Amino acid sequence: MFIRCTLTFLLAFMFCFTLSAKKLAPETTAFVEKVRTLRGSSYAQLNGTIQHRRSGKSAIAIPLYLGLIIQPERTTGQIILDNREGYLLGQGRSASASSVLPMQKSTELLDNVGVRASDLTLAFLFDEVIGEDENETVSGLVQCRVIRFRNLKSGEISRIYISKQHYFPLKAEFFRQGENKPWRTLEIDGFAEKNSLYYASRMRVEGPGWRSRIIFDESRCTMGIYDASKPVKVIKKLPPKQN
């Protein structure tokens, strides 16, 4: 009886400990809420290039267009690669409200360069928050809080390094289920300004045997305040497929 009671107590203690471990600290929840909250509405039309290199293959460069309408309740937009492969984007303020709709049957270009639509829209910030690690610096300069997220569809875990001062992600590490080393990483290493609005102008994404750099050409990028009464056309039509 003593052994049975002791075992019951230990199981109850472990269960309560597990529940409390999963409970987020209020300051973590408040910080993530600030990161996710957008004030005002804006638009962006960004043109650039994805430079990709894979082991044993020649480097390639693919023209990239990213158009976004960013509003407090929702972000909508489009990605176009090489003027022939497009994706329509939607991102509400939760992971379940995220969508990426290919405009054609093939997704070859985006798949082959290792870049995800969520890398460009930062949709991973709306995954489930599961904890916070010790603060770290990025590039030895910027103090960041390190928040852990979990994608409910894939189970993938991410560690996102978010600037404590600007509430903007600077680095992301992605982990497959059950693994303790990241299988892909993303880092933003450049910013540009248009009309007093800032955007990530350079980022790199790396995985096993490959790496990609995303570079937006500042001379071909526009940003501004979005006025619903005078909407800016950020969604483009793809040209007819060439035979």
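Just give me the residues in segment 149-167 being of a type outside the set (A, V, I, L, M), surrounded by fewer than 17 Cβ atoms within 10 Å (Cβ to Cβ) and within 20 Å of Ala95 (Cα to Cα), in sequence order.
Lys153, Ser154, Gly155, Tyr167
Please determine, by comparing only the residues of segment 183-229 that are of a type in the set (S, T, N, Q) and not in a strand (DSSP E or B), which one is nearest to Asn112 (Cα to Cα).
The extreme case among them is Ser219.
For segment 22-31, indicate whether the set of residues that are in contact with a Lys or Arg (Cβ under 9 Å, 6 or more places away or on another chain) and modelled with pLDDT of 50 or more is non-empty.
Yes, some residue in segment 22-31 is in contact with a Lys or Arg (Cβ under 9 Å, 6 or more places away or on another chain) and modelled with pLDDT of 50 or more.
Checking Val138 against (1) of a type in the set (A, V, I, L, M); (2) exposed (fewer than 14 other Cβ atoms within 10 Å of the Cβ); (3) more than 27 Å from Glu85 (Cβ to Cβ); (4) at pLDDT below 95, which single condition isn't satisfied?
Against the list (1) of a type in the set (A, V, I, L, M); (2) exposed (fewer than 14 other Cβ atoms within 10 Å of the Cβ); (3) more than 27 Å from Glu85 (Cβ to Cβ); (4) at pLDDT below 95, Val138 comes up short only on (2).
If you go through segment 147-158, how many residues are part of a strand (DSSP E or B) and either over 11 Å from Val129 (Cβ atoms) or in contact with a Gly (Cβ under 8 Å, 6 or more places away or on another chain) (or both)?
Total meeting the criteria: 3.
Can you name the residue in segment 180-232 that is polar (S, T, N, Q) and loosely packed, with under 11 Cβ neighbours inside 10 Å and is also farthest from the chain's Cα centre (by Cα) among such residues?
Only one residue fits best here, namely Ser229.
How many residues, within segment 95-122, are farther than 15 Å from Arg184 by Cα and either in contact with a helix residue (DSSP H, G or I) (Cβ under 7 Å, 6 or more places away or on another chain) or assigned to a strand (DSSP E or B) (or both)?
6
Name the residues in segment 53-111 that are among the acidic types (Asp, Glu) and at positive phi, would you?
Asp82
How many residues are over 26 Å from Arg53 (Cα atoms), crowded, with 20+ Cβ neighbours inside 10 Å and not aliphatic (A, V, I, L, M) when one looks only at segment 77-134?
Residues in segment 77-134 being over 26 Å from Arg53 (Cα atoms), crowded, with 20+ Cβ neighbours inside 10 Å and not aliphatic (A, V, I, L, M): 5 in total.
If we keep just the residues of segment 63-76 that are within 16 Å of Ile214 (Cα to Cα) and touching a Ser or Thr at 6+ places or on another chain (Cβ under 7 Å), which is surrounded by the most Cβ atoms within 10 Å (Cβ to Cβ)?
Leu64
Closer than 29 Å to Arg53 by Cα, touching a Leu at 6+ places or on another chain (Cβ under 9 Å), among the β-branched types (Val, Ile, Thr) and touching a residue at least 12 places away in the same chain (Cβ under 8 Å): is that true of Val205 in this structure?
yes
Out of all the residues in segment 126-139, which are under 13 Å from Thr28 (Cα atoms) and touching a helix residue (DSSP H, G or I) at 6+ places or on another chain (Cβ under 6 Å)?
Val129, Glu132
Kindly indicate whether any position in segment 159-182 is in a loop (DSSP other than H, G, I, E, B), closer than 17 Å to Val35 by Cβ and among the polar types (S, T, N, Q).
Yes, the conditions are met somewhere in segment 159-182.
Identify all residues within segment 75-106 that are under 19 Å from Val35 (Cβ atoms) and polar (S, T, N, Q); write none if there are none.
Thr75, Gln91, Ser94, Ser96, Ser98
Conditions tested, residue by residue: (1) aromatic (Phe, Trp, Tyr); (2) in contact (Cβ under 8 Å) with a residue 24 or more places away in the chain; (3) in contact with a Phe, Trp or Tyr (Cβ under 7 Å, 6 or more places away or on another chain); (4) in a strand (DSSP E or B).
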{"residue": "Val35", "(1), (2), (3), (4)": "no, yes, yes, no"}
{"residue": "Arg39", "(1), (2), (3), (4)": "no, yes, no, no"}
{"residue": "Ala61", "(1), (2), (3), (4)": "no, no, no, yes"}
{"residue": "Asn83", "(1), (2), (3), (4)": "no, yes, no, no"}
{"residue": "Gly86", "(1), (2), (3), (4)": "no, yes, no, yes"}
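The values are calculated or read from the model by the stated rules, or taken from the named source; none is laboratory data. In this text, all values refer to a predicted model and were calculated from it rather than measured experimentally. A quick note on method: Cβ atoms are made from the backbone with ideal geometry, for glycine too, and the neighbour counts reach across all protein chains shown.
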